[in-house]
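Below: one structure, written as structure tokens.
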């Protein structure tokens, strides 16, 4: 079950949003009455409520917004119990001072916004002595391993326990806590209204990750990287699982570079079946795998880890996906897809550049590498046994195919390009591996010059499709994955409402 947190300054707003959530299938709503500008009218909020509720009034010392005295706060919680709220949230230090009454269930909670303490089990034992119906322990994740410890604690609990970690590192525990035995997780009304660090929206938890359908039999996959919030991999993989009726979930997993191997070993206890790998882990991840195919060994970088016969295997789907995208672009431009002897300039020297450069060399292209970091660019050129050009002189390099493997132009830096338009020849095929946005400034300039172009979505979906096949053994619904990605990116561009559409309530909350 998903508990959706609502925090508004007006009674009318919170009641209206409560009704809206009920119409979208919400089963439990947390009323954060500490957000209200005036003393909350509990009777009004609970009268004809469309779903069961948790009444919470969080003091400022616990990162809440309660403005009154502690006596007034406790009085509001007691009022909610007398009025028959389904749940009240009581911090562990006040739980014993508020008596049980009627059918209202008691959530005894502990929050730590700084860390996930080592003594989680001791904290749980302390809360279990406060007459709880549900124990809630929410802490800040400072490492991926904090999620593992939290979920292990939830699994071992004898009292129903809501337990997960906050922050971007804590996403995996927010989604998998139900599988560990948590009676519910928490979500926000929308991404713009998160009430705790890293909180996901109700739509994401319910529709993207399908929290209510996750069981102990659900297979878990994810994308590891740092940063990871911008990744669209969860969107298209989860859409493909849903389309084909596969019992699996795919999660964004932020893993800092200095903790990669330790984190993957800890995640093994969660039974994760496969990973997509993005920056900065594509090379270092080879140290974790048990085996890798010959091409990946040659490339020296992997973008996929998958379990087979109990072993972790590494492969690289970037190379084949890029070649298919490039050759498709060449054919659409009315030419041959033959790459032998073609002059190619690659911008960048990371894992994607390495994979594409390797594949191009194998197909007989003449490759030149250029990179902002001269040393790294020269090192990759030496490995691939190809030419190197300094970043400052990249515009002087003539080429038939230009490939951007840098992050320049990626959202949110939409007004940047790694290659000036006057450097482009109108016959050059321009391929940008950046997929968000789909139409980068580089591609816009290229089309204005009359150049044939290939967008990053083509490569992105193809490499994800091959991963999907390795993960599930099923053929990927590529058209559906592409459609889902384009629709989501188009919707994202339309999210910001004009100033004139702001409500009075929105104006007042912005001043809090």
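Roughly how tilted is helix 318-332, in degrees to the nearest 10 and between 0 and 90, from the longest Cα axis of the chain?
Once rounded, one gets 60 degrees.
Just want the ordering: 42, 214, from fewest to most Cβ atoms lying within 10 Å of their own Cβ.
Numbers: 42 22, 214 18.
Ordered from fewest to most neighbouring Cβ atoms within 10 Å, 42, 214 come out as 214, 42.
Between helix 11-23 and the chain, what is the angle of the helix's C-alpha long axis to the longest principal axis, kept within 0 to 90° and rounded to the nearest 10?
With rounding to tens, the tilt is 60 degrees.
Taking the Cα atoms of the chain alone, what are Rg (to one decimal) and Dmax (as a whole number) in Å?
Cα-based Rg and Dmax for the chain come out at 26.1, 81 Å.
Using the Kirkwood radius built from alpha carbon pairs, what does the Stokes-Einstein equation give as D for the range 2-216 at 10 °C and 1.306 mPa s, in µm² per second? Intermediate values should be presented prior to the final figure.
Details: Rh = 17.2 Å.
For the chosen part, D equals 92 µm²/s.
Starting from the Cα gyration tensor of the range 34-84, take the square roots of the eigenvalues, sort them a ≥ b ≥ c, and report rounded, prolate or oblate (rounded when a/c is under 1.5, otherwise prolate if a/b is larger than b/c, else oblate).
prolate
From zero up to wherever the largest Cα-Cα distance of the range 369-441 sits, split into 5 Å bins and tell me the percent of pairs in each.
3, 16, 23, 25, 20, 11, 2
Rounded to two decimals, what ratio of Rg to Rh does the range 320-460 give with C-alpha atoms and a Kirkwood Rh?
Taking Rh as the inverse mean 1/r over Cα pairs, Rg/Rh reads 0.92.
Helix-derived [θ] at 222 nm for the chain: sum -39500 (n - 2.57) over DSSP H runs of at least 4, divide by residue count, nearest 500?
My calculation for the chain gives -10500 deg cm²/dmol from helical runs alone.
Among 388, 189, rank each residue by its count of other Cβ atoms within 10 Å, from fewest to most, as a rough exposure measure.
Starting with the residue having the fewest Cβ neighbours, the order is 388, 189.
Tell me, 386, 177, 399 in order of fewest to most beta-carbon neighbours within 10 Å?
Lowest count first: 386, 399, 177.
Bear in mind these aren't lab numbers, they're just calculated from the coordinates by the rules spelled out. Owing to the predicted nature of the structure, the values given are computational and were not obtained by experimental measurement. Heads up, the Cβs are rebuilt from the backbone with ideal geometry, glycines too, and the neighbour counts pull from every protein chain shown.
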